[in-house]
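Trainee: Sharing a structure, written as structure tokens. Questions coming.
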Amino acid sequence: MFSRNGVFRLCANEKQTAPELMENIFEKLNRSEDVLTIPLQLENNNAFILYLKTVVDGVKLQNIIIKPFFELKSMEFFSSYIQSLPDIVKMKTGEELLIQLMKGHVLIAIQDKFFLVDIKMITAGSPQQAVLEPTIYGPQLALSESIETNMNMIRNRYAEPSLIIESVQLTDKTHQSMVLLYDKKKVKQSVLDALRLKIEGMDNTLVESSGDLQLLLNSTKFSLFPTMILTERPDRITYNLSNGKIIIMMDGSPQAIVAPVIFFDFMVSMEDNYHSYWISLFTLTLRYVGLLTCILLPAMYVAVTSYTPDILRVELALSVAGSRLGVPYPSFIEVLFMLLFMEFLIESSIRLPKAISATATTVGGLILGTAATEAALTSNIMIIIVSAVAITSFVIPISEMSFAIRICRYLLLAFTTLFGTVGLMLGFLGIIMYLTNKDSFGEPFLKINWKSMKREKEV
Amino acid sequence: MYYLIFVTMVTNIIATVPRILVIESKKGVIFSMIAALLIGVVLTYFVIQLFNKFSGQSFPNILKKYSPRWFYVPVILYFAISWFIAGIITLFTYVFLFTTFVSIETSLVITTLAFVIIVSFGMLMKSESVLHTVEIVFLLLLPVILFLFVKIMTDENLNWGFVQVAMMNINTTPSYMSFSAASYLFIGVVNIVIFNSFFKDKLKFGFKQVTIIGTVGAVVLFITYFVPIGFNGFEQIEHLNFPWVSTSDSVRMKFGVIERVIFIFVIIFLGISFLSLLIHWHVSLKLLESIFHFKKLKWKKKNLTSYFFVILFCGISLFLVTRIDEFELFKYASIFYNILPLFYFILFLSLFVAKRRAKL
């Protein structure tokens, strides 16, 4: 039917020998051991199936294809049976056919007809427990690593006829399938077009998960703040879908990408929707206060101790100065030193196995903290500030954002060290300007949205 | 749109305006303030009405379309330079104020440099982002400003007797200087020359909006002038260089972490004057970009014209800050305010010309 030189030919049904197409494919797959061509024969009826053993579900294959072949009377019956299978897909040609086979499709040849049936073996199909964004109430299961299960979850949760699923084939080596999901009624066309253009323009050799896909879709090379949210929660996905955003899911990765996003989206936890108004308002305020503390506190310490101690009331200024008594270097070195130790602590406790990480935190947090003050390397107040900063940096629900904020802190610290109190204020304004100047697929990243106070309503 | 007007209004509290007003306090300030208020609102109304006719177009675009080159190049250049000077006055006033009251040790150049670095980034942003920044920062600062005003107004040291004394001077004839300084409060609307391209729909500017701007303007003017007098006395206030900051220093917060209100005041007004500077210089830069485009200034396919202007701006301000002192600044600022009516005149003239040519 389709040979190597590209000529279309019908191939005759010869007994015992596989059709030419199958031979060709077999050649193209380099006679890999897991490529199987099995002839099925019963009296005068015969058929061939070709598949990759490693990716096809054997039991399912046995049940829905091989068994009926021996039960049905004639080839006509069998071929119409195959055509009515729910998993049948459109016949592909050339490269595409190869890719489909690699992904777990089975090629069936009945007389001179070819069919392609999807009998994928799903290994990671079960939804996982939500780990990254846990909530007390709300659904506890997160996305799985298989795209079929994920789409099933989303469809079940968001049963709107206007939900569109658009599949895109990546052109890299993994040939992962990627899916765009959006609500046709709500989505903004300009954003959708921008996103499609971006995906088409991508030329990377290896895309492994939605994490690096997100980076590739990002427009600037050196960017600090994420312009897309990675989420594992199906309820966040449906919530965003209903607000007109686009979801990108990739096979083999348990996180979906939400685009476009604005700054405020990063501060929303799904928990907010499951609590009463005042409680969620309180937690939201708490998060913003935490964000400000996390960015401003270290720089403020430098400004207050080294530049303008007279800003504080006298008692407080004296106790800060008294606490710094005997610290042998300027305050910015002290801050930098403690912050770096804290970052080491965070980094190591992420990488270590759970059993040991508790020890690391104890040693780092308790012992180092006390010892450092007793050795007069830092002031007591600095220890309080560092712990406050460490705690508040985890208040931000999306960890991507929390990393960006952590880096921002150092920039602000540097600016304050150079220019003092003016630097603190101006640096903060500079961060705000940087954020407002950013955009996510043409949507301004940070702006106040008057029309609805619900944060994720925008776009 | 309101933000642009309000930011300029509030910035003036720390700028030279209150000083000019109190110096002129015996020469009919009150009358000229009322006059400035009325005229300011009327001018604001007309500017917005005129720009409504060209909604979605910026001033340079309008002029380029409807007027000859010999006309629009000088006009835009004049506007750009005025706006640059307006920005530099705000910058210098703040820098002087900051070194005087908060950190005496820091040199003027360092403080200016801190401003200039951040503002240069701000100038190069998209105009839309400038608007968003102004909105966010202003909204963040607004509660604190209101708190400060309430705190200062309700302070027991505020002697309303002095205010009454000042009020008594209502029947003297107004002076031109105080009038022009007071009307500077309403100059914010002129920023529409660039930002008009973002107002695609016609701006509603009816009775309600006039009342809002009028009331806010009146309140701000009232606070600007009378509160320092109430604290410092009608006779002595002329000797203060920064009447408002000294005023805020008279107020204490008993239970605050920061006891002296002056520091909150100075820090908040840092934000406000930064916004004012950002708006002014951004508009100025856009105006300059619209008439100059150096084709030779290229590096890696990027035209560097705007970078050139930014560096020019920064260079001028860093150079001037060492050469000028507070009294000279005051002198030049008052000259600048005095020629403002000319500015309005040219703006109206050019818009009328454009309107006639466009036959709208």
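Laboratory data are not the source of any read-out in this text; all were calculated from the coordinates shown. What you are looking at is a predicted structure, and each value in this text was computed from that prediction instead of being measured. Cβ coordinates were reconstructed from backbone atoms using ideal geometry, including for glycine residues, and neighbour counts include every protein chain displayed.
Trainee: Go through segment A:341-346 residue by residue and turn each phi into a ³J(HN,Hα) via Karplus (6.51, -1.76, 1.60, θ = phi - 60°); whole Hz please, and just put x for glycine and proline.
Mentor: These are the phi-based 3J(HN,Hα) values: 4, 5, 5, 4, 4, 4 Hz.
Trainee: Taking every pair of distinct Cα atoms and averaging 1/r, then inverting, what Kirkwood hydrodynamic radius in Å comes out for segment A:13-151? Provide the component values of the computation, followed by the final result.
Mentor: Details: mean 1/r = 0.0601 Å⁻¹.
Final number for the Kirkwood radius of segment A:13-151 is 16.7 Å.
Trainee: Pick out which of B:Val75, B:Val102, B:Val29 has the largest mean-square fluctuation in a Gaussian network model of chain B, springs linking Cα atoms closer than 10 Å.
Mentor: B:Val102
Trainee: What residues have an amide H closer than 5 Å to that of A:Ser144, excluding those fewer than 5 places away on the same chain, when H is modeled at 1.01 Å from N in the peptide plane?
Mentor: Counting only residues 5 or more places away or on other chains, the set is A:Gln128, A:Asn150.
Trainee: Note the angle between two axes, namely the Cα long axis of helix B:261-291 and the longest principal axis of the Cα atoms of chain B, as a number of degrees from 0 to 90, rounded to the nearest 10.
Mentor: Helix B:261-291 sits at roughly 20 degrees to that axis.
Trainee: Take the Cα atoms of the protein assembly as shown, find their three principal axes, and give me the spread along each one in whole Å, biggest first.
Mentor: Result, largest extent first: 120, 80, 53 Å.
Trainee: Between A:Leu216 and A:Lys186, what FRET efficiency follows from the Cβ-Cβ distance if R0 is 30 Å, with the result rounded to 0.05?
Mentor: Efficiency, from the Cβ-Cβ distance: 0.70.
Trainee: Residue-wise, which Karplus ³J(HN,Hα) couplings in Hz belong to segment B:216-229, taking 6.51 cos²θ - 1.76 cosθ + 1.60, θ = phi - 60°, and x for glycine or proline?
Mentor: Each residue's phi maps through the Karplus curve to give 4, x, 4, 4, 4, 4, 4, 4, 4, 8, 7, 4, x, 5 Hz.
Trainee: Could you point to the residue in A:Pro86, A:Val56, A:Leu72 farthest towards the positive end of segment A:20-118's charge dipole, with +1 and -1 charges on the Cβ of Lys/Arg and Asp/Glu respectively?
Mentor: A:Pro86
Trainee: Turning to a different aspect of this structure: Using only the Cα atoms of segment A:331-459, build the gyration tensor, take square roots of its eigenvalues as a ≥ b ≥ c, and label the shape rounded, prolate or oblate: rounded if a/c is under 1.5, else prolate if a/b is larger than b/c, else oblate. Walk me through the numbers before you get to the answer.
Mentor: Details: a/c = 2.92, a/b = 1.54, b/c = 1.89.
In terms of gyration-tensor shape, oblate.
Trainee: For a Förster distance of 25 Å, can you work out the FRET efficiency between the beta-carbons of B:Leu304 and A:Tyr410, rounded to the nearest 0.05?
Mentor: Values: r = 30 Å, r/R0 = 1.19.
About 0.25, to the nearest 0.05.
Trainee: Counting other C-beta atoms within 10 Å, and keeping those with at most 16, which DSSP coil GluC sites (Glu not before Pro) do you find in segment A:31-84?
Mentor: On the way: sites: A:Glu33, A:Glu43, A:Glu71, A:Glu76; in loops: A:Glu33, A:Glu43.
Passing sites in segment A:31-84 are A:Glu33, A:Glu43.
Trainee: Also: Mind listing which chymotrypsin sites (Phe, Trp or Tyr not before Pro) in segment B:247-295 are in a DSSP loop and have 12 or fewer other Cβ atoms within 10 Å? Don't jump to the answer; show the numbers that get you there.
Mentor: Values: sites: B:Phe255, B:Phe263, B:Phe265, B:Phe269, B:Phe274, B:Trp281, B:Phe292, B:Phe294; in loops: B:Phe255, B:Phe292, B:Phe294.
Counting only loop positions with at most 12 other Cβ atoms within 10 Å, the chymotrypsin sites (Phe, Trp or Tyr not before Pro) in segment B:247-295 are B:Phe255, B:Phe294.
Trainee: Among B:Ser127, A:Asn437, A:Gly201, whose Cα sits farthest toward the positive end of the charge dipole of the protein assembly as shown (+1 at Cβ of Lys/Arg, -1 at Cβ of Asp/Glu, about the Cα centre)?
Mentor: Farthest along the dipole direction, towards plus: B:Ser127.
Trainee: In what order do A:Met202, A:Met382 fall by count of nearby beta-carbon atoms within 10 Å, going from fewest to most?
Mentor: Sorted ascending by nearby Cβ count, the order is A:Met202, A:Met382.
Trainee: What size of dipole, in debye to the nearest 20, comes out for segment A:150-253 about its Cα centre when the only charges are +1 on Lys and Arg C-beta atoms and -1 on Asp and Glu C-beta atoms? Intermediate results must be reported in sequence, preceding the final value.
Mentor: Details: 13 positive and 12 negative charges, 88 e Å.
Result for segment A:150-253 is approximately 420 debye, rounded to the nearest 20.
Trainee: For chain A, what's the relative contact order in percent, using C-alpha pairs closer than 8 Å and at least 6 residues apart?
Mentor: Numbers: 644 pairs, mean separation 58.4, N = 459.
Worked out over chain A, it gives 13 percent.
Trainee: Comparing B:Leu185, B:Leu221, B:Leu38, which has the greatest mean-square fluctuation in the GNM of chain B with Cα pairs linked when under 10 Å apart?
Mentor: Comparing B:Leu185, B:Leu221, B:Leu38 in a Gaussian network model of chain B, the most mobile one is B:Leu38.
Trainee: Do me a favour and compute the ellipsoid semi-axes for segment A:290-332 from its Cα gyration tensor, root of five times each eigenvalue, largest one first, whole Å. Don't jump to the answer; show the numbers that get you there.
Mentor: On the way: eigenvalues 68, 36, 16 Å².
The three semi-axes for segment A:290-332 are 18, 13, 9 Å.
Trainee: Here is a further query. Arrange the following residues from fewest to most other Cβ atoms within 10 Å of their Cβ: A:Ser79, B:Ser129, A:Ser74. Don't skip to the end; give the middle numbers.
Mentor: Numbers: A:Ser79 17, B:Ser129 23, A:Ser74 11.
Going from sparsest to densest Cβ surroundings: A:Ser74, A:Ser79, B:Ser129.
Trainee: Determine how many Å³ per residue the convex hull of the Cα atoms of segment B:106-223 encloses. Walk me through the numbers on the way to the answer.
Mentor: Details: hull volume 24.4 nm³, N = 118.
Per residue, the Cα convex hull of segment B:106-223 comes to 206 Å³.
Trainee: Binned at 20 Å from 0, what are the whole-percent values of the Cα-Cα distance distribution for chain A, short to long?
Mentor: The calculated distribution, bin by bin, is 20, 41, 26, 11, 2, 0.
Trainee: Testing the spin-label approximation: label points 7 Å from Cα along Cα→Cβ at B:Thr322 and B:Ala35. State their distance in nm.
Mentor: 4.3 nm
Trainee: How compact is segment A:269-408 by the rule of thumb for globular proteins, expressed as Cα Rg over 2.2 N^0.38 Å? Present the calculation step by step, with values, prior to reporting the outcome.
Mentor: Values: Rg = 17.0 Å, N = 140, 2.2 N^0.38 = 14.4 Å.
Dividing the Cα radius of gyration by 2.2 N^0.38 Å gives 1.18.
Trainee: Fewest to most neighbouring Cβ within 10 Å: what's the order for A:Ile356, A:Ile64, A:Ile237? Each step should come with its number before you reach the end.
Mentor: Working: A:Ile356 12, A:Ile64 18, A:Ile237 25.
Result, fewest neighbours first: A:Ile356, A:Ile64, A:Ile237.
Trainee: Something else now. Restricting attention to segment B:67-153, which trypsin sites (Lys or Arg not before Pro) occupy a DSSP loop and are surrounded by at most 16 other Cβ atoms within 10 Å?
Mentor: Details: sites: B:Arg69, B:Lys126, B:Lys151; in loops: B:Lys126.
Answer by residue number: B:Lys126.
Trainee: A follow-up question, please. Which FRET efficiency value, to the nearest 0.05, do you get for A:Ser162 and A:Ser126 by plugging their Cβ-Cβ distance into 1/(1 + (r/R0)^6) with R0 = 25 Å?
Mentor: On the way: r = 29 Å, r/R0 = 1.16.
E(calc), rounded to 0.05, equals 0.30.
Trainee: Okay, moving on. Using amide H atoms built in the peptide plane, which far-off residues or other-chain residues are under 5 Å from A:Lys184 H to H?
Mentor: Excluding prolines and chain starts, which carry no amide H, the hits are A:Leu163, A:Ile164.
Trainee: Let me ask something else. Check A:Ser440: other-chain or 5+ apart residues with amide H under 5 Å from its amide H, H built from backbone geometry?
Mentor: A:Phe445
Trainee: While we're here: For segment B:157-174, in order, what is each residue's ³J(HN,Hα) by Karplus, 6.51 cos²θ - 1.76 cosθ + 1.60 with θ = phi - 60°, in whole Hz (x at glycine and Pro)?
Mentor: Coupling constants for segment B:157-174: 6, 6, 9, 5, x, 4, 4, 5, 4, 4, 4, 4, 7, 5, 8, 8, 6, x Hz.
Trainee: Rg and Dmax of segment B:2-358, Cα atoms, in Å?
Mentor: 20.5, 67
Trainee: Return a whole-number percent for the relative contact order of segment A:134-277, with Cα pairs under 8 Å and 6 or more residues apart as the contact set. Can you show the working numbers first?
Mentor: Numbers: 212 pairs, mean separation 46.8, N = 144.
The normalised contact order for segment A:134-277 reaches 32 percent.
Trainee: My understanding is that a pair violates if its Cα-Cα distance is over 23 Å; which of A:Lys447/B:Lys53; A:Lys92/A:Lys173; B:Lys151/B:Lys254; B:Lys151/B:Lys331; A:Lys103/A:Lys186; B:Lys64/B:Lys126 do that in this structure?
Mentor: Working: A:Lys447/B:Lys53 28 Å; A:Lys92/A:Lys173 19 Å; B:Lys151/B:Lys254 12 Å; B:Lys151/B:Lys331 32 Å; A:Lys103/A:Lys186 33 Å; B:Lys64/B:Lys126 21 Å.
The pairs that break the limit, which is 23 Å between Cα atoms, are A:Lys447/B:Lys53; B:Lys151/B:Lys331; A:Lys103/A:Lys186.
Trainee: At 7 Å along Cα-to-Cβ for each site, give me the label-to-label distance between A:Ile333 and A:Ser319 in nm.
Mentor: 2.8 nm
Trainee: Just the number: Rg to Rh for segment A:147-260, Cα atoms, Kirkwood Rh, two decimals.
Mentor: Rounded to two decimals, Rg over Rh is 0.93.
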